[in-house]
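Undergrad: I'd like to ask you about the structure that follows.
The values are calculated or read from the model by the stated rules, or taken from the named source; none is laboratory data. This structure is a prediction, so every number in the text was calculated from the model and none was measured. Cβ coordinates were reconstructed from backbone atoms using ideal geometry, including for glycine residues, and neighbour counts include every protein chain displayed.
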Amino acid sequence: MTAIVDVTALCKAYSDGFEALKGVDLKINEGEILALLGPNGAGKTTLISTICGITTATSGNVKVGGHDTVTDFRAARAMIGLVPQEINLEPFECVQNTVKFSRGLFGKPANPALIEKILRQLSLWDKRDSQIRALSGGMKRRVLIAKALSHEPRVLFLDEPSAGVDVELRRDMWEIVADLKRDGVTIILTTHYIEEAEAIADRIGVIAQGEILLIEDKDKLMARMGRKELEVQLSEPITQIPDSLVSDALRIRDDGTALIYTYDTKSERTGITTLLSQVAAEGLVLRDVVTRQSSLEDIFVDLVREGDA
C-alpha cells in the first residue's frame, strides 16, 4: 500500500525540557482507518497538531501526499481535514454558511452541490439554515466534520470525535466514517473509546509518553495478543486453589465461586481437558463453564503498562 502520511523521526520538545514526541515514525496507508490509542498526555493531539502544521516540530519530517509539511505547507495542508476536540464555532452563523466559509478558506470555488452532499451525508441538510447556537452538541460535532470535509481532503484527522456524545450518535458517526472510507478518504482517529477502535479501525496504533509502542493490523493484533479465559463456575465456593491445580494460568475469583483459566487459542494444546479432569478428581462440582475472549481494551491496557515499566 502507498503511504499517504509519512512521519519520520518526529520530535517535539518544549523550553522546560518536556518531550511530547520522541522520535515518532509512522506511515499511514492511503484509504485506511487508523485508530491511535493512548492515555491522557500520551502525545496523540500533539502528533496530529504537528502533522497538520498547527504545532512546529523540534526535529523530524512529515510528508502528506508527498508534500513536505514545512517546505510545501499549502499543498500538504490542502490534503488534510481536521476535526478538533474542542467545539469552536461561530454561534450566530448558520450551518450552511459555516461549511461554505471553510471551503473558501482553502481557495476552493463555490460548489453548492458538494456542500449539499456533505450536509446530507451528515444528516445536517434539514438544519442547513439553523444557527449553530441552536444545535445539540452532537450536531455541532457533525458540523465540525462537514467543515473538515468541505475542501475535499484526502486525509481526515478525527481527534476524539465522539467525546461527550451519546451511544446512538456515536454509532451514527461510525457509519459516517465507514462511508468516508468507501469514498477513498484516509482517516486517523484518536479515541478513548476502545470499542470505537475495535469497531471501525483497520490498524491500531498505541502511543504512550510520546513514543509509538505498536502499529499493527487490528485483527492480527487481537489474534497475536488476544487471550481467552475459561471460567469454571463451582456449585460451592472454595477458599483456595487445590494443590494439584496450582498454575500460573489459573486464579480463583474473589468470591471463591469460580476458577479462571487463561489460555492461548493458538497453542497446540490448551490444557482445558486436563484442567477439567483435575477439577473433577478434586471432587469440585461444576455449575457452568464460560469462555471469554480478551478485548482490545485488555490488550491496550497491557501494552501501556509494559511501556510504563
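Undergrad: Return the only residue of Leu234, Leu259, Leu214 being buried (at least 16 other Cβ atoms within 10 Å of the Cβ), within 18 Å of the chain's Cα centre (by Cα) and modelled with pLDDT of 85 or more.
TA: Every option except Leu214 fails the conditions.
Undergrad: Report yes if Glu195 is assigned by TED's automatic domain parsing to the domain that holds Pro84 and in contact with a His (Cβ under 8 Å, 6 or more places away or on another chain), otherwise no.
TA: Numbers: assigned by TED's automatic domain parsing to the domain that holds Pro84: yes; in contact with a His (Cβ under 8 Å, 6 or more places away or on another chain): no.
Judged against the criteria, Glu195 is not a match.
Undergrad: So, one more: Can you tell me how many residues within the range 1-19 are part of a strand (DSSP E or B) and either at pLDDT below 95 or surrounded by fewer than 23 Cβ atoms within 10 Å (Cβ to Cβ) (or both)?
TA: Final tally of qualifying residues: 9.
Undergrad: Name the single residue, out of those in the range 39-86 being at positive phi and buried (at least 17 other Cβ atoms within 10 Å of the Cβ), that is nearest to the chain's Cα centre (by Cα).
TA: It comes out as Gly43.
Undergrad: Does the range 165-183 include one or more residues that are at pLDDT 90 or above and not charged (D, E, K, R)?
TA: no
Undergrad: So, one more: Does at least one position in the range 26-43 carry a residue that is assigned by TED's automatic domain parsing to the domain that holds Arg103, farther than 25 Å from Arg182 by Cβ, touching a Leu at 6+ places or on another chain (Cβ under 7 Å) and not in a loop (DSSP other than H, G, I, E, B)? Can you show your working first?
TA: Of the range 26-43, the ones assigned by TED's automatic domain parsing to the domain that holds Arg103 are 26-43.
Okay, now just the ones that are also farther than 25 Å from Arg182 by Cβ, so 38-43.
Checking which are touching a Leu at 6+ places or on another chain (Cβ under 7 Å) leaves us with 43.
Right, trim to not in a loop (DSSP other than H, G, I, E, B) and you get none.
Within the range 26-43, none of the residues are assigned by TED's automatic domain parsing to the domain that holds Arg103, farther than 25 Å from Arg182 by Cβ, touching a Leu at 6+ places or on another chain (Cβ under 7 Å) and not in a loop (DSSP other than H, G, I, E, B).
Undergrad: Now for a different question. Here's a check for you: in the range 54-86, which residue that is touching a Gly at 6+ places or on another chain (Cβ under 7 Å) and not in a helix (DSSP H, G or I) is nearest to Leu156 (Cα to Cα)?
TA: Ranking the candidates gives Met79 first.
Undergrad: Could you tell me whether any residue of the range 6-17 is under 18 Å from Ile187 (Cα atoms) and in contact (Cβ under 8 Å) with a residue 24 or more places away in the chain?
TA: Yes - at least one qualifying residue is present in the range 6-17.
Undergrad: Here's something else I'd like to know. If you scan the range 109-135, which residues turn out to be in a helix (DSSP H, G or I) and either touching a residue at least 40 places away in the same chain (Cβ under 8 Å) or not assigned by TED's automatic domain parsing to the domain that holds Ala78 (or both)?
TA: Matches in the range 109-135: Gln121, Ile132, Arg133.
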